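Beneath this line is the structure, given in structure tokens, with notes to follow.
Every number here is computed from the coordinates shown, using simple stated rules; none is lab data. In this text, all values refer to a predicted model and were calculated from it rather than measured experimentally. Using ideal geometry, Cβ is built from the backbone for each residue, glycine included, and neighbour counts are taken over all protein chains shown.
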Amino acid sequence: MSGASEALGERFRAAREARGLSITDVAEQIRIRSLYLAAIEDENWNTIGAPVYVRGFLRTYARFLGLDPEEAVGAFNRTHPLPQSNAPASEAQPPRSERPSWIGAALLWGAGTVAVLLIAFVVFSELTMPRKAGLPATAGASAAPVAASPTASAPLAVSTPALIPGAAKSLALVLSAPSWLRVTVDGNVSMEGTFPAGTSKTFHGKNALVRIGNAGGVEIYVDGKDVGKLGKQGDVVEHAFAL
């Protein structure tokens, strides 16, 4: 390991200790596991996993400590250069040494698909029922069965409108599995870090750049429309959206 790389972890440790913070304190504030923060300070990159996750954690940790995130990533890149391929998905594997079997992955994918279909059905019911209720009297014959239909009204009891966007010029992310995310809206980083399943976030702007560390675990909605997932479980994908 080169001298520049050896100094990288010490810079993080010194900056943290200068602020009187423990690794646990930092982990609670930036939502990165203390195991990974300790690995950065010890330069034990194998604990974190693929370089793409290391770079993401370095940027988040550096910003919190007031260090230059790009300089920190550059120091890491000098010993772990970027791959030649332009495809982001070829850069990384999930940050853990143990992989689920193909059966476990298939079950997880199936459960995520069922959850997404249920959410989409609930949203469709919520968006369509108010519009049909406001139709003029000439359309009353077709609107009435929708209001009385048990299948249309039942999902409202378990609807989760906070998870799904409805406003125009919006981008929403809903996580069905843990994933690292970075979302840049109109040139500003609005969200970055590792987030658990169940996390949802809506962004508003003109342009958005989304980078996902686990594409198969993130459902995307643009202006309230489900655009699906950008890849499979474990895929690292970057995509730009014009809102």
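Sorting Thr199, Thr24, Thr60 from the fewest to the most surrounding beta carbons within 10 angstrom yields Thr24, Thr199, Thr60.
Report the equivalent ellipsoid semi-axes for segment 198-240 in whole Å, largest first, defined as the square roots of five times the eigenvalues of the gyration tensor built from alpha carbon atoms.
Listed largest to smallest, the semi-axes of segment 198-240 are 17, 12, 9 Å.
For Lys169, a cut-off of 24 angstrom between C-alpha atoms picks up these lysines, skipping any fewer than 8 places away in its own chain: Lys132, Lys201, Lys206, Lys225, Lys229.
Give me the distance in nm between label points sitting 7 Å out from Cα along the Cα-to-Cβ direction at Leu243 and Ala115, one decimal. Using points 7 Å along Cα→Cβ, the separation is 2.4 nm. Apply the Debye scattering formula to segment 3-82, with a single equal point scatterer on each alpha-carbon and no solvent, then give log10 I(q)/I(0) at q = 0.19 Å⁻¹. Here the Debye-derived log intensity ratios amount to -0.72.
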